[in-house]
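Please read the structure below before turning to the comments.
The values are calculated or read from the model by the stated rules, or taken from the named source; none is laboratory data. Note that the structure is a prediction, hence the values are computed from the model and not measured. Neighbour counts are summed over all protein chains in view; Cβ atoms, including those assigned to glycine, are modelled from backbone coordinates with ideal geometry. These accessible areas exclude ligands, DNA and RNA; they are computed on the full protein's heavy atoms, side chains included. Shrake-Rupley method; radii C 1.70, N 1.55, O 1.52, S 1.80 Å.
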Amino acid sequence: MPSLGRHRQTKIYADGLLGRRPAVPTAPAALEAAAKKKLDASSAAYFLGGAGAERTMAENRAAFDRYPIVQRMLRNVSSRDLSIELFGRTLPLPFLLGPIGVLEMAHREADLAAARAASAAGIGFVTSNQASYPMEAVADAVGSGPRWFQLYWSARDELVESFLDRAERYGYEAIVVTLDTTELGWRCRDLDLGYLPFLRGRGIANYLSDPVFQRLSVADEEIGPLPRPRLGAVASLAEFLGSQRKWSRAAAPMGPKKLADSIRRFLAIYSRTDLSWDKLAALREKTRLPIVLKGILHPDDARRALDCGVDGLVVSNHGGRQVDGAAAALDQLPLVADAVESRVPVLFDSGIRTGADIVKALGLGATAVLIGRPYICGLALAGEAGVRAVIDNLAADLDLTLGLSGRRSVGELDRSIFAGSPSKAA
Ligand code: FNR
């Protein structure tokens, strides 16, 4: 029985004999370049950009070079196990699709396509708070597969409660609370195009479909300045009306005025800068689901999170979209893992592009990783099949890298994978 990695490899080479090349490139740079070509300028900026001069994005990638794998030989790696245990589930692969907002800018089936691909591969799907379809529709697309809901803590507690309640009712198995986006970072690519998808009715499906949101009254002074769409701005008006039509087809009819009012209400309540540790206790009481904090980078914050009784952490700097000139998430991972001492799962994202990256993150203490931009690119190129190709390629690359490094299972990965090199990790 060929290994998972060899099976995938052989299929791609066999297709090559028939004159077919992969529609979704396997090389990370080629994947991103192909997606960039397919996307319009605003979507490419939104998906591929980061904060400020994008130094954090670059640093996230550069950090992987600081941890060279040193392969071991003659260890009989003929059978390999990539599975992990996470919150009571056995998952076939040590990665999930992370939360990504506004996927409709990559493909019209957006979260639904990505969720189906994850579910078919048996891996977890994290539905974004800023999804393009309501979390109930995404849950249906996932079917019986593992799904988590990612929460942005709104300025209105009653809305948070409603989101939690909906997530519980629709079979979500964990709540990922993203802490690093109390406001949007200074994202120059988006700013220079004057483009924020939410203002055009995109990526706010969970709000529009929420009964509490629909009833929220927001004082005029809470609503920032926002012109109503008008004829002069043809492109943005068309996009706005497209959102309105899409929404009306998918759920309850909503006229342009109601959508415009909803967008203004969303802007007033979506971000929250007054969050502090004491609020976590309240969240703990509001849900019976495991709580996973996303965006932890400092070991003291990790210890504090454990004191608050959270069930998991994600070491992440949001793919460099929030703070420019920040530490690479990967460099923070071993510090956080040491602070946590295996008491809860530590997940990781920000820069994962290859199987070797996953090996390194697991070696530095991650239980699993979240995939971000690579799966957006797959979605942009070929919808559900494109996401599936990205998952399968990562799995194959991981499997081969693991075996070729002299390890049989992801459970064996620890810092010894770097031992024997002169790097700081050894
Ligand atoms: C994100 N990320 C994100 N995170 C989150 O908690 N909720 C969200 O809605 C989004 N939306 C989002 C949109 C886009 C376009 C990107 C690129 C990222 C962050 C995401 O979950 C993850 O932390 C990063 O994608 C990891 O970085 P890489 O590996 O994609 O570079």
So if I average 1/r over every pair of distinct C-alpha atoms in the stretch 174-326 and take the inverse, what Kirkwood radius in Å does that give? 17.9
Starting from 0 in steps of 5 Å, tell me what percent of the Cα-Cα pairs of the stretch 343-426 lands in each bin. 3, 15, 22, 22, 18, 11, 6, 2, 1
I'd like the per residue volume of the convex hull spanned by the Cα atoms of the stretch 1-133, given in cubic angstrom. 190
Could you pull out every residue, at least 5 positions away or on a different chain, whose amide H is within less than 5 Å of the one on Val369? Hs are placed 1.01 Å off N in the peptide plane, and Pro or chain starts have none. Phe95, Leu96, Phe348
Any idea what the relative contact order of the stretch 146-288 is, in percent, if you count C-alpha pairs under 8 Å spaced at least 6 apart? 32
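Per the helix-only calculation at 222 nm, which mean residue ellipticity applies to the chain, given -39500 (n - 2.57) for every DSSP H run of n ≥ 4 and division by its residues, nearest 500 deg cm²/dmol?
Rounded to the nearest 500, it is -14000 deg cm²/dmol.
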Equivalent ellipsoid dimensions for the stretch 37-101 as semi-axes, Å, which come from the Cα gyration tensor, largest first: 33, 21, 13
Contact order normalised by length for the chain, with contacts defined as Cα pairs under 8 Å and 6 or more residues apart; what percent is it? 27
When the accessible area of the chain is split by element with a 1.4 Å probe, what percent falls to carbon and sulfur? 53
Run through the DSSP bridge list for the chain and note the antiparallel percent, rounded to the nearest 5. 10
Applying a 10 Å radius around every beta-carbon, put 105-112, 269-276 in order of their mean neighbour count, most first. 105-112, 269-276
Considering all projection directions equally, how large on average is the shadow of the alpha-carbon convex hull of the stretch 73-129, in square nanometres? 5.9
Its Cα gyration tensor gives the stretch 321-382 an equivalent ellipsoid whose semi-axes in whole Å, largest first, are 23, 15, 10
Scattering profile of the chain from the Debye formula, Cα beads only, expressed as log10 I(q)/I(0) at q = 0.08, 0.13 Å⁻¹, is -0.43, -1.16
With viscosity set to 1.306 mPa s at 10 °C, what whole-number translational diffusion coefficient in µm²/s follows for the stretch 292-345 from Stokes-Einstein and a Kirkwood radius over Cα pairs? 143
Greater than 30 Å apart at Cα, pairs in Lys37/Lys246; Lys257/Lys294; Lys11/Lys246; Lys257/Lys279; Lys11/Lys37: Lys257/Lys294; Lys11/Lys246; Lys257/Lys279
I'd like to check one number: the per residue accessible area of the stretch 77-223, probe 1.4 Å, reported in Å² as a whole number. 36
Output the peptides 349-356, 119-126 sorted from most to least packed, where packing is the average of other Cβ atoms within 10 Å over each peptide's residues. 349-356, 119-126
Over the stretch 257-328, what is the mean sequence separation of C-alpha contacts under 8 Å (at least six apart), divided by residue count, expressed as relative contact order in percent? 26
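How do 81-94, 396-409, 294-307 rank on mean C-beta neighbours within 10 Å, highest first?
Descending mean neighbour count gives 396-409, 294-307, 81-94.
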Please report how far the C-alpha centroid of the stretch 362-426 lies from that of the stretch 148-178, rounded to the nearest whole angstrom. 29
Rounded to a whole number, the Stokes-Einstein D of the stretch 64-216 in µm²/s (Kirkwood radius over Cα pairs; 37 °C; 0.692 mPa s) is 188
For the stretch 153-205 the translational diffusion coefficient, Stokes-Einstein from a Kirkwood Rh over Cα pairs at 37 °C and viscosity 0.692 mPa s, in µm²/s, is roughly 242
